[in-house]
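Below is one structure, written out as structure tokens; comments come after it.
The values are calculated or read from the model by the stated rules, or taken from the named source; none is laboratory data. Predicted model only: the values in this text are computed from it and were never measured. FYI the Cβ positions are ideal-geometry reconstructions off the backbone, even for glycines, and counts take in every protein chain you see. These area figures cover heavy atoms from the full protein model, side chains too; ligands, DNA and RNA do not enter into them. Shrake-Rupley method; radii C 1.70, N 1.55, O 1.52, S 1.80 Å.
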Amino acid sequence: MPVPVPTDDPISLLLSPPPNETSEEAALRLAKEAEARRVSDEIDRKLQVERDALKNQNVLKMLLLGQSESGKSTTLKNIQRIQAPDSWEAERRAWRTVIHLNLVRAVNTILDALQSEVAQVSSFHPNSPPLDPLSDSDDDHDLSFRQPPSSPPPPSRVPSHLLERHSALRLQFAPLRRVEEDLKMALGAGADEITDVASSHGHAMVATPFDATSIYSTSMSSNDSHTRRSRGREPSVRSHDAWKSTVVNGRTSTSPGARRGTGSSPKGENTEVIAMFRSDIKALWKDDGVREVLARQKVILGDSAEYFFKHVDRIASRHYEPTDDDVVRARLRTVGVQEYRIPFIRAAAVDREFIGKEWRIYDVGGSRTMRAAWLPYFEDVQAILFLAPISCFDERLAEDRSVNRVKDSFILWKSIVGSGLLAKSIIILFLNKCDLLDKKLKGGVSVKKYIPRYGDRENSMPVFGRYLREKFRDYMNEYSPERRPFYGYLTSVVDTKATAATLTSIQDGILQGYLEKGMLL
């Protein structure tokens, strides 16, 4: 007697034989299943052949992991600059469009802050109740984060000259709104910044890549490996060259005229507009009243905005050519997973010749809406460079305002070091953005307000950096499936010289370790 199929189990219903199946139909079904298994096995065989080939070719597979805006892409630029100087030189000019977007976006953000401040002048009510505090509950026995209670904002102290000129400023800088939209159109999806999507529909947001398995577990059987592999690899690797070739080759003009079908000059109308506003941008940034508004509203312009404003005379010129430091500081959001193939040209600590060999590096989008795409790339990874920005201990994730950013890095770190898939991988930690942390702490921000367990330790970058480094090391020792060495560095990856020295040391250490183990041979 056939075993009854549970009516509430869709997987069992899917895999069970059709009712009243004839012997001929059963034979045909079994033949199709056998063919599906054969195809799946053949795919697995080809993947194994590819893995063996990579090992024989001395190809090192590395992942750059961390939350959005942690410095992954900046680190990758440093690796490219060191290991592939010819291609770096060839594509440097393409970054001009990104740098112009960063500058123009910062200007428009300032104008939005002024508009918001002016609106508060007319809507402020002195008897407004306090804002509800945001708080993080943390079950960890060792480290917790909290958001200090907010209080009603004081009456606006916008300088009178800004109040009087507000409307005029909006009209004066109006062309830069159009320039921002044109530059974003030319650069594609990476030009859009992350927004709070925690309460939005249609976003699969996960804290760690391993949480993504629950998305598939209820819709697939455990022995359906081919389907699981196909679903898991659906967010395919993107070309990191697409926007660069578009900008350099001019296949998509970045000028306002191009969108209207009127053509453009070789330098582009946007460059002309930005150059025309050079003096106005300088004056806006140097205005003490603007600085006061930004501080009062806690507006974050971007890590490199101050650098671009400082160099606006050079950047907002008709003949601007980006420098290495400009490119390293340029911000373009990583979308999906991007693969880079970078040849070895330096391996000082090893005796073998590696010229012509390569690092295969995967840069991943770090937002919680993109972490489900990481998992397929963990297989056979030899090294992981994990970036944790530590200057943002008082900030929240852009995509989920309920989560502290440093806490999010700890959540990710524990999942990575605790994964059996990555047990054989070398994991390197960059506690990044120490330059911004130093500036923030010297400006009077108290660590203890946000991390009570920090206690009465010195409120300085070196002490706080070492404190966090110890926490990350403790978590590695506690959660790793087998003992592994801890490599942790306090970094500012926008410092190209210091980062070059660190990366060279790391590269030689990785190569030496794998040569000793025979894992690259």
* Asked: Just a yes or no: is a residue in the stretch 475-488 assigned to a strand (DSSP E or B), open to solvent by 20 Å² or more (accessible area, probe 1.4 Å), within 17 Å of LEU441 (Cβ to Cβ) and of a type outside the set (Asp, Glu)?
  -> no
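Answer yes or no as to whether VAL406 is in contact with a Ser or Thr (Cβ under 7 Å, 6 or more places away or on another chain) and closer than 20 Å to TYR487 by Cβ.
no
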Filter the stretch 1-58 for residues that are modelled with pLDDT of 80 or more and outside any helix (DSSP H, G or I); the one that is most open to solvent (accessible area, probe 1.4 Å) is ASN20
Taking the stretch 463-485 and keeping only residues that are of a type in the set (S, T, N, Q) and without any contact (Cβ under 8 Å) to a residue 24 or more places away in the chain, one is left with ASN477
Across (1) out of contact with any helix residue (DSSP H, G or I) (no Cβ under 8 Å at 6 or more places or on another chain); (2) open to solvent by 20 Å² or more (accessible area, probe 1.4 Å), GLY418 clears everything bar (1)
The one condition THR369 fails out of (1) at pLDDT below 90; (2) open to solvent by 10 Å² or more (accessible area, probe 1.4 Å); (3) more than 18 Å from PHE210 (Cα to Cα); (4) within 15 Å of the chain's Cα centre (by Cα) is (3)
The number of residues in the stretch 394-411 that are touching a strand residue (DSSP E or B) at 6+ places or on another chain (Cβ under 7 Å), within 15 Å of GLY366 (Cβ to Cβ) and not hydroxyl-bearing (Ser, Thr, Tyr) is 3
Filtering the stretch 489-499 down to residues that are surrounded by 13 or more Cβ atoms within 10 Å (Cβ to Cβ) and out of contact with any Cys (no Cβ under 6 Å at 6 or more places or on another chain) yields TYR489, THR491, VAL493, VAL494, ASP495, THR496, ALA498, THR499
By residue number, the members of the stretch 448-467 that are aliphatic (A, V, I, L, M), at pLDDT 95 or above and buried (at least 19 other Cβ atoms within 10 Å of the Cβ) are MET461
Scan the stretch 498-518 and give yes if some residue there is at pLDDT 85 or above, of a type outside the set (S, T, N, Q) and in a loop (DSSP other than H, G, I, E, B), otherwise no. no
Q: Check the stretch 116-126 and report whether any residue there is outside the structural domain of ALA283 (by TED's automatic domain parsing) and either among the hydrophobic types (A, V, I, L, M, F, W, C) or modelled with pLDDT of 75 or more (or both).
A: no
Exercise for review: Answer yes if at least one residue in the stretch 403-424 is modelled with pLDDT under 90 and under 18 Å from ARG473 (Cα atoms), and no otherwise.
Suggested key: yes
